Amino acid sequence: MRALTWHGKRDVRVDTVPDPTIQDPTDVIIKVTTTGLCGSDLHLYEVLGPFLDTGDILGHEPMGIVEEVGPEVVNLRPGDRVVVPFNVSCGTCFMCDQGLQSQCETTQVHSQGSGASLFGYTKLYGQVPGGQAEYLRVPFGNTLPIAVPPGPADERFVYLSDVLPTAWQAVDYAAIPPGGTVVVLGLGPIGDMATRIAAHRGGGKVIGIDLVPERLERAKAHGAHVLNLDEYGDDLVEAVRDLTDGRGPDSVIDAVGMEVHGSSAAQAAQQMTTFLPNKLAAKMMQRVGVDRLSAVYLAIELVRRGGTVSLSGVYGGMADPLPLLTMFDKQIQLRMGQANVWRWVDDLLPLLTDADPLGVESFATHRLPLEQAPDAYAMFQKKQDGAVKILFNPAAA
């Protein structure tokens, strides 16, 4: 089959690799019909090479048609249409029962001290082959895949794999009071969708902040009040307070993560690891790694006293300094973590099967053949051609 594989920093290629096979009696094999490019994939493209091997298959946002099922699979059969959550969870352990599928005890990567395994996401999370491919082996076939109805376009459902549950959890964790105010930092796929979900769930004023004009326009078109970071600069905090009765928003969602524009020193430290031998670089990142934290600091500065900061952007540093004095003094609540996909499925599916209140059918900015994935990664990283959300079709020529 054809699959998108990692070969080095900013070097991904579509290669011919062996087809996946049934390995456990509850496995299923799906033929991927649509698979997404996530902002988190850029971390693999840029800085997480020490945790990857040449030939690793990337991608964690797939959906498709069941091709084959293992002998103990009773909930699916060939021809069924499914979305695959990005976290590999068994659905039956203590953590899954608590709705914490991202902490699944069956698939935790104990060798790395990490939570549940993830599709296509490094040795830190199990080195499980990913979904930017023609076919995908999916374990826990009775409990992991999300069955969706035939008929509507893939765009109706593919975001159940990551974008929708991640944005929904970000809003839920933000604890926006009814009619309250929320600032969303970063209007990439997660931030954009978080503004829509916040408004859908009753946010009184939704403010989106970014520095890419096309992203600002998208959020504005769906009702958000937008502020251009480049335009406001040092006056941004005061501008937000002017919009929030002088006290700041009730909640702030950081949808940026470690790709943020910010500290040149932290960026240099990140980039330095890419020139080290993999074993040394991995140890450095795990033990003394730092992130560019300007978005986190901005969130803490913006949020009102007694408010909540919700982190959905991915951070990977182990030595990140936080302004605990300010956080304590302002009595800030802080929530974060990988999305627990299955926890939110019952909330999200009704929004996808009839009307389209979140605008998922028009959410993608680019729909491309998988063969164009290397160029798409470069385009997405450079924020060119209005790229916000890219979907790949493995079957397209």
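The values are calculated or read from the model by the stated rules, or taken from the named source; none is laboratory data. None of the values given here were measured: they were computed from a predicted structure. Glycine also receives a Cβ, built like all others from the backbone with ideal geometry; neighbour counts cover every protein chain displayed. For the accessible areas, the whole protein counts, side chains as well, though only heavy atoms, and no ligand, DNA or RNA atoms are used. Shrake-Rupley method; radii C 1.70, N 1.55, O 1.52, S 1.80 Å.
Within the set ARG343, ARG335, ARG305, ARG292, the sole residue that is basic (Lys, Arg), in contact with a Lys or Arg (Cβ under 6 Å, 6 or more places away or on another chain) and either open to solvent by 40 Å² or more (accessible area, probe 1.4 Å) or modelled with pLDDT of 55 or more (or both) turns out to be ARG305. Out of the residues in the range 38-48 meeting the condition of being in a helix (DSSP H, G or I) and open to solvent by 10 Å² or more (accessible area, probe 1.4 Å), tell me which one is nearest to SER312 (Cα to Cα). It comes out as LEU42.
For the range 169-222, taking the residues that are under 17 Å from the mean Cα position of the chain (by Cα) and hydroxyl-bearing (Ser, Thr, Tyr), the one that is surrounded by the most Cβ atoms within 10 Å (Cβ to Cβ) is identified as THR195. Give the range 368-384 a look and list any residue that's of a type outside the set (Phe, Trp, Tyr) and either in contact with a Leu (Cβ under 7 Å, 6 or more places away or on another chain) or modelled with pLDDT under 95 (or both), or say none. Across the range 368-384, the qualifying residues are LEU370, ALA373, ALA376, GLN381, LYS382, LYS383, GLN384. The number of residues in the range 153-182 being more than 17 Å from ALA255 (Cα to Cα) and among the aliphatic types (A, V, I, L, M) comes to 3. Residues that are touching a residue at least 60 places away in the same chain (Cβ under 8 Å) and of a type in the set (D, E, K, R) within the range 318-348 comprise ARG335, ARG343, ASP347, listed in sequence order.
The residue of the range 95-125 that is farthest from TYR135 (Cα to Cα), among those that are buried (at least 24 other Cβ atoms within 10 Å of the Cβ), over 16 Å from the mean Cα position of the chain (by Cα) and of a type outside the set (S, T, N, Q), is CYS96. Close Cβ contacts (under 7 Å, 6 or more residues apart or on different chains) running from residues in the range 191-203 that are among the acidic types (Asp, Glu) to residues that are open to solvent by less than 20 Å² (accessible area, probe 1.4 Å) and assigned to a loop (DSSP other than H, G, I, E, B) comprise ASP192/VAL388. Within the range 57-86, restricting attention to residues that are part of a loop (DSSP other than H, G, I, E, B) and open to solvent by 30 Å² or more (accessible area, probe 1.4 Å), the residue that is nearest to TRP342 (Cα to Cα) is ASN75. Annotation note: of VAL14, VAL32, VAL28, the sole residue that is over 30 Å from GLY186 (Cα atoms), at pLDDT 95 or above and of a type outside the set (D, E, K, R) is VAL28. For the range 12-25, what are the residues that are open to solvent by 30 Å² or more (accessible area, probe 1.4 Å) and under 13 Å from GLN372 (Cα atoms)? Passing the criteria: ARG13, ASP15.
Just a yes or no: is a residue in the range 104-114 modelled with pLDDT of 95 or more, assigned to a loop (DSSP other than H, G, I, E, B), under 20 Å from LEU42 (Cβ atoms) and of a type in the set (Asp, Glu)? Within the range 104-114, not a single residue is modelled with pLDDT of 95 or more, assigned to a loop (DSSP other than H, G, I, E, B), under 20 Å from LEU42 (Cβ atoms) and of a type in the set (Asp, Glu). Only a single criterion out of (1) of a type in the set (Gly, Ala, Ser); (2) surrounded by fewer than 18 Cβ atoms within 10 Å (Cβ to Cβ); (3) closer than 21 Å to GLN112 by Cα is not satisfied by SER89, namely (2).
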